[in-house]
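Asks: Quick one: the structure is below, and I'll ask about it shortly.
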Amino acid sequence: MSGSEGEVGVEMPLSTLTTSETAATIQVKKKLSISFFSSPSLLIEIVTVWSIDQSSGYTTKYPPCENIRLMKLRQLAAFLLALTIFILPQPALAQSKYYAPPLSFSNAELTRRDFSGQMLRAAEFSNANMDLTNFSNADLRGAIMSASVMTQANLHGANLTNAMIDQVKFTKADLSDANLTETILLRSTFDGVDITGADFTDAIMDGAQVKELCATASGINSQTGISTRDSLGCR
C-alpha cells in the first residue's frame, strides 16, 4: 500500500502487466489528460489511471482523483469553465435585446416622410433626399446626415446632440428649439433657415457659418435653457 494522505494505491510488479495492457493503460492516461479540458463531465466518469514507475519496475493503480484536494481543484476548474461558457455571454444577449442596431436610410428617397417623435439614435441618413421631411421632437443623437438635402425639413425641437450634419443643405428648414450641441456642421448651408431658440453649444462650424447664423439668431432653447446667440458666441 502506498500514497499520501487521501490516496489509495495498490502496487504490483510491472511484469504482471502484458504488453497490450501496458499500452492500453498509457493510452487511457493520455486520453484523460486531453479530454479533461474538452469535457468537464469526465470528472464523474469512473476511469482508472495507471502510473508506471520505470525505475522500480512497479506500477501503482490510483482512483480517478488522486486525492481529495485534486478532486476539489478539478471541480473548481469545471465550474469556472461552465461560468465562462454559459454566464459571460448573457450581457451581450441582453444588450442586443434592448439596443437594436442603427437604422440605415443612406441614399434613400425620404421626401415628406414623418419621423416626428421617433427614437433614431445613431441612425444613418447620409446622401438622402429629405425635402419636407418631418423630424420634429425626434431623438437624433449621434445620427449621420452628411451630404443630404433637407429643404424645408422640420427639425423643430429635435435632439441632434453629437450628430454629423456636415455638407447638408438646410434651405428654409425649421431648426427652431433644436439641440445641436457638439454637432458637426462644416460646409452646411442655412439659406432662409429658422434657428429661433436653437442651441449650437460647441458645434463645429467655420467663421462664415457663425456670422451667417448670428444675423438671425434669437430665443432660448427650451431643453437646455441656453440662448441661441450665446451658444453661437455672437457679439
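Asks: Measuring from label point to label point, each 7 Å out along Cα→Cβ, what is the ARG112 to ALA215 span in nm?
Replies: Output for this residue pair reads 3.2 nm.
Asks: I've got another one for you. Looking only at region 100-227, where both bridge partners belong to it, what percent of the DSSP beta bridges are antiparallel (to the nearest 5)? Intermediate results must be reported in sequence, preceding the final value.
Replies: Working: 1 of 18 bridges.
If I count the DSSP bridges inside region 100-227, around 5 percent turn out antiparallel.
Asks: Please work out whether region 119-170 counts as rounded, prolate or oblate from its C-alpha gyration tensor, where a ≥ b ≥ c are the square roots of the eigenvalues and a/c under 1.5 means rounded, while otherwise a/b larger than b/c means prolate and anything else oblate?
Replies: Oblate is the answer for region 119-170, as a/c is 1.5 or above yet b/c matches or exceeds a/b.
Asks: Mind ranking 127-133, 216-222, 149-155 by how tightly packed they are, going by the mean number of other C-beta atoms within 10 angstrom, highest first?
Replies: 149-155, 127-133, 216-222
Coordinate-derived values only; no laboratory data. Since the model is a prediction, treat every value here as computed from it, not as a measurement. When we count neighbours, we look across all protein chains shown, and the Cβ atoms used for this are built from the backbone with ideal geometry, even at glycine.
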